[in-house]
Amino acid sequence: MRIPVDSVRFADEYQFLSASPVAVYENGHRVDGQQAVNNDGTPLWAVQTLVLRAGRRAEIETVKIPSPVMPDIRPTAPILFNDLIANAWQNNGRSGVNYSAAAVTEA
């Protein structure tokens, strides 16, 4: 289930930590040297993000974004996500939420 996220209400600030290619998995095993792409063939990147909320402990979340090149943002810079989506998942009795966005930019 894809749930749009009001990123302004979800957190007070997002800070960029790092970015890395999203790996490709086949039959539960990582395929070396391959980067995942979206339906348009654009490479996917996992953006490690520090999520800051007033009165709460900071959390680190990963947000997948499509981009032809790796995001070039300085560490701890405030960032903005375009069209942030929460994706609910369930697999083998486990469940959770992962995040994706259309783009990331420095605030």
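The values are calculated or read from the model by the stated rules, or taken from the named source; none is laboratory data. Predicted model, so just to flag it, every value in this text is computed and none were measured. Note: ideal-geometry Cβ built from the backbone for every residue, glycine included; neighbour counts use all protein chains shown. Note: accessible area is taken over every heavy atom of the protein model, side chains too, but ligands, DNA and RNA are not part of it. Shrake-Rupley method; radii C 1.70, N 1.55, O 1.52, S 1.80 Å.
Kindly provide the helix-only [θ] at 222 nm of the chain, computed as the sum of -39,500 (n - 2.57) over DSSP H runs of four or more divided by all residues, to the nearest 500 deg cm²/dmol?
Numbers: 1 runs with 4 residues, N = 107.
Taking each H run of at least 4 residues, the total per residue is -500 deg cm²/dmol.
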Label assignment, volume of the Cα convex hull per residue in Å³ derived from the structure, set [x] 99; [y] 124; [z] 110: [y]
Net charge of Cβ neighbours under 10 Å - reference residue 100; Lys, Arg +1; Asp, Glu -1: +1
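For region 19-70, what is the Kirkwood hydrodynamic radius in Å, using each pair of distinct C-alpha atoms?
Values: mean 1/r = 0.0802 Å⁻¹.
It works out to 12.5 Å.
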Accessible surface, per residue, of the chain when the full set of protein chains is kept, probe 1.4 Å, Å²: 67
Lys/Arg +1, Asp/Glu -1 at C-beta; the chain dipole; positive extreme among 28, 46, 92: 92
Label-point gap, in nm, between residue 1 and residue 32 - each point 7 angstrom along Cα→Cβ: 4.1
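Roughly how many percent of the accessible protein surface of the chain is carbon and sulfur, given a 1.4 Å probe and a whole-percent answer? Write out the running numbers ahead of the final one.
Details: 3520 of 7200 Å².
Summing carbon and sulfur atoms, their accessible area is 49 percent of the total for the chain.
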